[in-house]
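Below is one structure; the comments refer to it alone.
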Ligand SMILES: Nc1ncnc2c1ncn2[C@@H]1O[C@H](COP(=O)(O)OP(=O)(O)OP(=O)(O)O)[C@@H](O)[C@H]1O
Ligand SMILES: [Mg+2]
């Protein structure tokens, strides 16, 4: 297990967005979080790298352990946490810089300036998302000129450049067409060999295709968590059954 929450509650001012969430997330698998709009999926994902800290009025109780360390302890190194737990968003957020400088951005923040080292990191990171062969002669071109799918791959490569352990993905394919989506899904299956992936998705078919374990959320509660097979074929909770069989959503 890599992440464990215990009695986790999260409030936006007085509104309680997460209700007593207890979850264990395993290393080197894909965990999918599903549930209807507003049920707290993105909020839960943001808990894992403390992105909610940036939102005014957020209060948290309970604990969140990564590798046994309480990431909300005042002693915890936030900069290190964000390096270790990277996040990919709905819309690719490539920087208005060259392809090379997008990937080198994180390493430079970590004071790597040697050109040869940076070139190696760029090659390794782009290779990991299967973009290097394609882009090696275009590293100085603007990243924003790439297709949406390639920009999303580039954003994943940008995270890999700082050697994270956990990748959080918040509906990473929702801006992509089905073919591009399929390619990103294949990439995720490849990446789980080295990384722990947590993906939020509206798309149940996507969760069924790629997730090993799945959590179903409803109104801030993690109603059910288990193997994808169990959640999609034999859920224990009536509310999960109703959701996966399309009774609401
Ligand atoms: N910054 C915020 N301030 C106040 N309330 C918020 C904030 N962000 C989210 N909420 C509320 O918290 C609840 C959970 O939101 P969240 O964005 O986590 O849901 P979600 O499952 O990701 O939804 P979606 O599928 O639409 O992305 C919603 O009721 C939402 O309105
Ligand atoms: Mg969301």
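The values are calculated or read from the model by the stated rules, or taken from the named source; none is laboratory data. What you see is a predicted model, and the numbers here were worked out from it, not measured in a lab. So basically every Cβ, Gly included, is an ideal-geometry build from the backbone, and we count neighbours across all protein chains shown.
Annotations for the structure displayed:
- Exclusive hit being surrounded by 16 or more Cβ atoms within 10 Å (Cβ to Cβ) and within 16 Å of ligand 2 (Cβ to nearest atom), set 215, 226: 215
- Considering residues of the range 138-159 that are buried (at least 21 other Cβ atoms within 10 Å of the Cβ) and in contact with a strand residue (DSSP E or B) (Cβ under 8 Å, 6 or more places away or on another chain) only, the residue farthest from residue 81 (Cα to Cα): 143
- Among the candidates 28, 7, 20, the residue that is surrounded by 13 or more Cβ atoms within 10 Å (Cβ to Cβ) and either under 29 Å from residue 181 (Cβ atoms) or more than 16 Å from ligand 1 (Cβ to nearest atom) (or both) is uniquely 28.
- Selection count where residues are assigned to a loop (DSSP other than H, G, I, E, B) and within 10 Å of ligand 2 (Cβ to nearest atom), scope the range 35-51: 5
Conditions tested, residue by residue: (1) at pLDDT below 95; (2) out of contact with any strand residue (DSSP E or B) (no Cβ under 8 Å at 6 or more places or on another chain).
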site	(1), (2)
84	no, no
103	no, yes
110	yes, yes
122	no, yes
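- Of all positions in the range 31-52, at least one carries a residue that is within 13 Å of ligand 1 (Cβ to nearest atom), more than 29 Å from residue 229 (Cβ to Cβ) and either without any contact (Cβ under 8 Å) to a residue 24 or more places away in the chain or under 13 Å from the mean Cα position of the chain (by Cα) (or both).
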